[in-house]
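J.: Please read through the structure below; I'll follow up with questions.
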Amino acid sequence: MKTIEEINEKIRRGEAVVVRADEMPDIYEENPKKAAVDVDIVTTGTFGMMCSSGAFLNFGHSDPPIKMNRVWLNDVEAYAGIAAVDAYIGATQLSEEKGFEYGGGHVIEDLVSGKEVYLRAEAYGTDCYPRKKAETSITLKDVNQAMLFNPRNAYQRYNAATNSSDTILRTYMGTLLSNKRNVNFAGTGEINPLSNDPEYRTIGFGTRIFLAGAQGYVTGEGTQHNPKTGFGNISVKGNLKEMSEEYLKGATVPGYGTSLFVGLGVPIPILDEDMARRTAVRNRDIHVRILDYGVQRRDRPLVKEVTYEELFSGKVDLGGKTVRSSPLSSMKISVKIMKELAGWIEDKKFFLTAPLEPLPKDTVVKVMKPRRDVPFVEDVMTKKVITAQSTDALSKVSELIISHGIDQIPVVDREGRLEGIVTAWDLTKALATNKKKLQDIMTKKVITSRKGEYIDAVARRLGKHQINSTPIVDSEGLLIGIVTSSDVNKYLERR
Amino acid sequence: MNKYVINFPQEIVENPILSETILETGVLLNILRAKVDYNEGTIVVSIMGDEETQKKVVDLLRKKGVVVNKLKKSIVNEEEKCVSCGACIAVCPAGAISFTKDKDIVVEKEKCHRCGVCVEACPRRSLSIQQFE
């Protein structure tokens, strides 16, 4: 048994034994009792995109003074609804000009690298703050305070992602190829901070940590902290002015937006054999669920449960097929963080703190209550679909289109399995190019939907592919309905 | 074996130049990527055989009026920007990107098809397709 004060005393005497989380499993396995006595601190680390990050900045007062009610930094809006010259720049806020290519995360990276950032502010003007506009350029040195304050960082573990749909998806889990051809995962597994202290015995409000190259603090549970399912996370704070550009990097997630790579390391004190055992966790002990992001719902279906060991191997077996898997967090920089934190401790620059309050272990994550039930595809789809067969004459198909007043007809085989779709435009084109067979003019690669999807997901699909309808098929590929853009619009108007 | 980019000017975009070249030289070509429309065509091929054989094919292609450039590097990674996260690895259909032992990103240029999916997927915008030698 050791106390944090005893460990700090060892640090002061230069006698503390510090090891990295990836070294601890072997040390523990060799002799658990000895490991608990010999090792004082295990360093952990993570470097990944953490969207729920940002910084409070105080710009100082201008003359005449201004009470900013809107402020932009390099064309990225910061939240100015706090006092006159305070603002919060969030990682995922996009540049109004550059969009996904530059956002709040990049502003923070630019500030921390010492670059000039262009500030533009608007105000309504008051007796005490008469100025209505301000424009200037600022650097990190110019501002009074710059506090990195991240409400949700360093998830204990995270779901992995794949995509069963037939189109490429751009998600916050990166680019997901169609038909489950890749798996992306986040997190650093056995070296992740909370995975080395899953009972939160040593991590809580007031725990001193490595935050982007400076000494920062845990400020308690993070938002959506979900300890019961092993999805705990922390909120953290630190002085941006002391941080290093190496550990704060702006990110563009294609099709999703911007974010911020944050480097974070937590020292875990080995108080007793239990803590030694916890920090001996291996990648093969930590389970990760691979979810299907091809289903655009909050609760995405489980494809497979694997471990971090399998994910880090670079290959995962999905239904008999070997699929490449790759991380979205940098192992290289995470390891560097563990080493740097260990170096600080060995150089007597960093001392441990006991948490003033532990992270809660019983909170649950609630969901947003819908104002009204959002309909599913099966609530709005037309079930009696007018269909054609690929052997049908073009004149017959044209007649069907005219007599039913529709724009497109799904083509099915004898069993009712979808083979293609033909539009009025295809028929016109057939006439112009002198084509006679339905098989030659129909679109064979059809954008289909499923009956269990939300209408909003279908609306997005129709827009993305610029199509007017999507046939609904079941898991066997049998046509069971159709949803047109006017079905979707009717619902959207009602809302 | 080396990779080449072939550009077809508008006037000859309809001629079966590649087929002719294969028949006339007897050298195998592998088409890696092709974009052909009414206006112009760009095809990336790998030409099999040694340098001399490749030169024979390139010379003939040039004689037929297409622009041929050898691809030396395919994907370039600016190491200063890269954070070695790995977002480019699993998306690569050719399996051309991997980690080194030190967890750095490495691109195997001979495997790369120049499809660009990694360029688009990179959160740091550190990857780009280099055009020509």
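The values are calculated or read from the model by the stated rules, or taken from the named source; none is laboratory data. These numbers were taken from a predicted model, which means no experiment stands behind them. FYI the Cβ positions are ideal-geometry reconstructions off the backbone, even for glycines, and counts take in every protein chain you see.
J.: Can you spot a residue in segment B:2-18 that is of a type outside the set (F, W, Y), more than 30 Å from A:S329 (Cα to Cα), in contact with a Gly (Cβ under 9 Å, 6 or more places away or on another chain) and surrounded by 18 or more Cβ atoms within 10 Å (Cβ to Cβ)?
T.: yes
J.: Among the listed residues A:K315, A:K339, A:K332, identify the single one that is at pLDDT 95 or above, in contact with an Asp or Glu (Cβ under 7 Å, 6 or more places away or on another chain) and within 14 Å of another protein chain (Cβ to nearest Cβ).
T.: Details: A:K315 fails: in contact with an Asp or Glu (Cβ under 7 Å, 6 or more places away or on another chain); A:K339 fails: in contact with an Asp or Glu (Cβ under 7 Å, 6 or more places away or on another chain).
It is A:K332.
J.: Can you tell me which residue among A:V483, A:V458, A:V446 is of a type outside the set (S, T, N, Q) and in a helix (DSSP H, G or I)?
T.: Numbers: A:V483 fails: in a helix (DSSP H, G or I); A:V446 fails: in a helix (DSSP H, G or I).
Going through A:V483, A:V458, A:V446 in turn, the sole match is A:V458.
J.: May I ask you to list the residues in segment A:404-428 that are part of a helix (DSSP H, G or I), within 25 Å of A:V473 (Cβ to Cβ) and more than 42 Å from the chain's Cα centre (by Cα)?
T.: Filtering segment A:404-428 down to residues part of a helix (DSSP H, G or I) leaves A:404, A:424-428.
Filter once more, keeping what is within 25 Å of A:V473 (Cβ to Cβ): A:404, A:424-427.
Within segment A:404-428, A:H404, A:L427 meet the criteria.
J.: Same structure again: Residue pairs, Cβ under 6 Å, 6 or more apart or interchain, first in segment A:7-27 and crowded, with 17+ Cβ neighbours inside 10 Å, second of a type in the set (F, W, Y). List them.
T.: Close Cβ pairs satisfying both conditions: A:N8/A:F351; A:I11/A:F351.
J.: For A:P355, work out the one condition from (1) without any contact (Cβ under 8 Å) to a residue 24 or more places away in the chain; (2) outside any helix (DSSP H, G or I) it doesn't fulfil.
T.: The failed condition is (1).
J.: Turning to a different aspect of this structure: Mind listing whichever residues of segment A:465-495 are charged (D, E, K, R) and either modelled with pLDDT of 90 or more or over 29 Å from the mean Cα position of the chain (by Cα) (or both)?
T.: Within segment A:465-495, the first condition is being charged (D, E, K, R), and the residues that meet it are A:474, A:476, A:487, A:490, A:493-495.
Result: A:D474, A:E476, A:D487, A:K490, A:E493, A:R494.
J.: Among the residues of segment A:233-245, are any touching a Cys at 6+ places or on another chain (Cβ under 7 Å) and within 14 Å of chain B (Cβ to nearest Cβ)?
T.: Pass one, segment A:233-245, residues touching a Cys at 6+ places or on another chain (Cβ under 7 Å): none.
Within segment A:233-245, not a single residue is touching a Cys at 6+ places or on another chain (Cβ under 7 Å) and within 14 Å of chain B (Cβ to nearest Cβ).
Every residue, every condition in (1) without any contact (Cβ under 8 Å) to a residue 40 or more places away in the chain; (2) surrounded by fewer than 16 Cβ atoms within 10 Å (Cβ to Cβ), yes or no:
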site	(1), (2)
A:M442	no, no
A:R450	no, no
A:E453	no, no
A:Q466	yes, yes
A:G481	no, no
A:S485	yes, no
A:K490	no, yes
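J.: So, of the residues in segment A:247-259 that are buried (at least 23 other Cβ atoms within 10 Å of the Cβ) and at the interface with chain B (Cβ under 10 Å from one of its Cβ atoms), which turns out to be modelled with the lowest pLDDT? It would help to see each step written out before you state the result.
T.: The initial filter retains those residues of segment A:247-259 that are buried (at least 23 other Cβ atoms within 10 Å of the Cβ), namely A:247-253, A:258-259.
Still in the running and at the interface with chain B (Cβ under 10 Å from one of its Cβ atoms): A:247, A:249-253, A:258-259.
Numbers: A:Y247: 98, A:K249: 98, A:G250: 98, A:A251: 98, A:T252: 97, A:V253: 93, A:T258: 97, A:S259: 98.
Ranking the qualifying residues of segment A:247-259, first place goes to A:V253.
J.: Determine whether A:M173 is touching a residue at least 40 places away in the same chain (Cβ under 8 Å), surrounded by fewer than 18 Cβ atoms within 10 Å (Cβ to Cβ) and either of a type in the set (A, V, I, L, M, F, W, C) or in contact with a helix residue (DSSP H, G or I) (Cβ under 6 Å, 6 or more places away or on another chain) (or both).
T.: No: the conditions fail for A:M173.
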